[in-house]
Structure formats: structure tokens, C-alpha cells
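Before any comments, here is the structure.
Nothing in this text is a laboratory measurement; each read-out follows from the coordinates by a stated rule. The structure presented is a predicted model; accordingly, all values stated were derived computationally and were not measured. Here Cβ is always computed from backbone atoms with ideal geometry, including for glycine, and neighbour counts include all displayed protein chains.
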Amino acid sequence: DARVTQTPRHKVTEMGQEVTMRCQPILGHNTVFWYRQTMMQGLELLAYFRNRAPLDDSGMPKDRFSAEMPDATLATLKIQPSEPRDSAVYFCASGFSGGNTQYFGPGTRLTVL
Amino acid sequence: QQPVQSPQAVILREGEDAVINCSSSKALYSVHWYRQKHGEAPVFLMILLKGGEQMRHEKISASFNEKKQQSSLYLTASQLSYSGTYFCGKYRGTGGGNKLTFGTGTQLKVEL
């Protein structure tokens with residue numbers, strides 16, 4: 001049963017620290033999405049990749065967030081430096097391009113103190 | 001621009017029906033529906049395509065009115081397992097950046 005995996009599942013850190021979240025998409029999927037979910041803003045798209053190339057990162061604060069896909073089996077989202085307002089659940093999803101189904105990972109719950 | 005969902009929240013008794021609406025200010029190629037249970041990830045329910053038929057997932061069905069740029073999710077004879085937050089996602093193809101934009105969600109609680 002193919003699934004998207006994310007690590008870590010929970011992260012508590014102090015303001016100013018670097019945070020790296022990792023995602024392994026479902027093998028064969030060519031599109032990877034990063035979402036942030038908060039009570040106030042709902043599900044926000046931060047960035048997405050097609051065939052490992054970044055297509056859209058307009059939802060991401062550029063000064064502190066960065067997203068990469070070093071290979072087809074790994075996507076990373078990095079926050080440096082982290083701030084309390086970054087506290088949220090971060091989801092990774094993968095799928096096939098063209099508006100098809102997205103399969104979500106379990107999420108990383110980030111708390112920045 | 002985020003699709004608008006209504007209602008924001010609804011409480012049902014088991015066996016009752018509900019309708020969740022999703023509206024967009026721009027033309028849509030397709031509408032996607034997801035359900036998220038508390039503490040879990042969103043899970044895909046169905047896609048409605050422009051010009052396509054009404055879709056169904058168990059006792060949940062959905063329709064897509066292209067002219068009104070609106071989709072509705074129909075939950076029939078609700079079960080406890082239907083509880084969760086329902087999100088619609090709009091897809092506008094290249095014009096929308098080839099990405100889904102999710103609505104604000106509708107919280108559904110089914111009680112005994």
C-alpha cells in the first residue's frame with residue numbers, strides 16, 4: 001500500500017532555530033506539494049514541484065522558507081530562522097500532474113516556542 | 001482566490017442528510033473533494049470534471065454546475081464515520097497555475 005511519508009511527525013523548537021521537514025512521495029508520482037494548515041488560514045499551498053523542478057513557491061515566505069527536491073524520492077522544506085507564527089501542521093502531498101488526485105502524507109506538527 | 005464553502009459547520013444526527021456547497025468566482029476545470037478527520041491528513045473523495053457526470057463515494061455524491069461555478073456535496077443517511085472537515089479544491093488548469101486551491105472547509109459532526 002503506497003503512501004507518502006513525512007518526518008518528523010512532531011517537532012518542537014525554539015524561535016530562531018532551523019527546522020527541516022522531509023517528505024518521501026509515492027514512487028512514480030511526478031508532482032509534490034507542500035501545504036501548511038492552521039486554524040486561521042486553513043490549507044495553504046506553499047510550493048510545488050513537477051518532475052523535481054519548482055513550479056510555484058508564491059505561497060512561501062521567501063526570506064525564511066526554502067523547498068527543494070534533491071531527488072525523486074525526497075522533498076524538503078526548510079525554515080530558517082523559525083518564528084512562533086510558523087507553528088502549524090505541514091503536509092506534503094504527491095500525485096500525477098494535470099489536476100489529478102493528491103495523496104497526503106501524515107503531516108509534521110511544528111511548534112515554535 | 002479561495003473557493004467559498006457553506007455552511008462552515010453542521011451537526012447531524014445519524015441518518016440525516018446534509019449538503020455542502022463550494023463556490024468559485026472563476027471558471028473551473030474540475031472540483032476535488034477531500035475529507036479530513038481530526039488529527040489526520042486530508043483524504044481524497046472524488047473529482048468532478050467539467051462536462052462530467054455526478055460522482056459518488058459510498059453514500060456521498062457530488063455535482064458540478066459549470067455555469068454557476070459551483071459544486072455541491074450530498075451526504076445521504078449520514079454515518080458517524082462521516083464526521084470530519086470537508087474541503088473542496090478548485091482546479092483551473094494552466095490559468096490557475098496547475099494547482100488546487102482549497103476552500104476554507106466545512107466541519108461536519110454526526111452524532112447518535
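Given 4 °C and 1.567 mPa s, how large is the Stokes-Einstein diffusion coefficient of the protein assembly as shown in µm²/s, with Rh as the Kirkwood radius over Cα pairs? So the translational diffusion coefficient is about 72 µm²/s. For B:MET46, the residues whose modelled amide H falls within less than 5 Å of its own, excluding neighbours fewer than 5 places apart on the same chain, are B:TRP33. Among beta bridges from DSSP that stay inside chain B, the antiparallel ones total about 90%. Partners of B:LYS99 within straight-line reach, counting lysines whose Cα lies under 27 Å from its Cα and excluding those fewer than 8 residues away in the same chain: A:LYS62, A:LYS78, B:LYS26, B:LYS37, B:LYS50, B:LYS67, B:LYS68, B:LYS90. Hey, can you grab everything whose amide H is under 5 Å from the amide H of B:MET55? Only 5+ residues off in sequence or another chain; H modelled, so Pro and N-termini drop out. The list, which skips near neighbours in sequence, is B:ALA62. Taking loop as defined by DSSP and a crowding limit of 14 other beta carbons within 10 Å, which GluC sites (Glu not before Pro) in the stretch B:24-82 fit? Filter output for the stretch B:24-82: B:GLU40, B:GLU53, B:GLU58. Given the options A:THR101, A:VAL32, B:SER63, identify the residue whose Cα lies farthest towards the positive end of the charge dipole of the protein assembly as shown (+1 on Cβ of Lys, Arg; -1 on Cβ of Asp, Glu). About the Cα centre, the residue reaching furthest to the positive side is B:SER63.
Each label was represented as a point 7 Å from its Cα along the Cα-to-Cβ direction; for A:GLU18 and A:ASN100 these points are 3.5 nm apart.
Think of each Lys and Arg Cβ as +1 and each Asp and Glu Cβ as -1; about the Cα centre, that makes the dipole of chain B roughly 460 debye. Bridgeable aspartates and glutamates around A:LYS11 (alpha carbons under 19 Å apart, same-chain partners fewer than 8 residues away excluded): A:GLU83, A:ASP86, B:GLU40.
Each residue of chain B gets 90 Å³ once the volume of the Cα convex hull is shared out per residue.
Put a dot 7 Å past the Cα of B:GLU111, heading toward its Cβ, do the same for B:SER25, and the two dots end up 3.6 nm apart.
With each label modelled as a point 7 angstrom along the Cα→C-beta vector, the A:THR5-B:GLU53 pair spans 3.9 nm.
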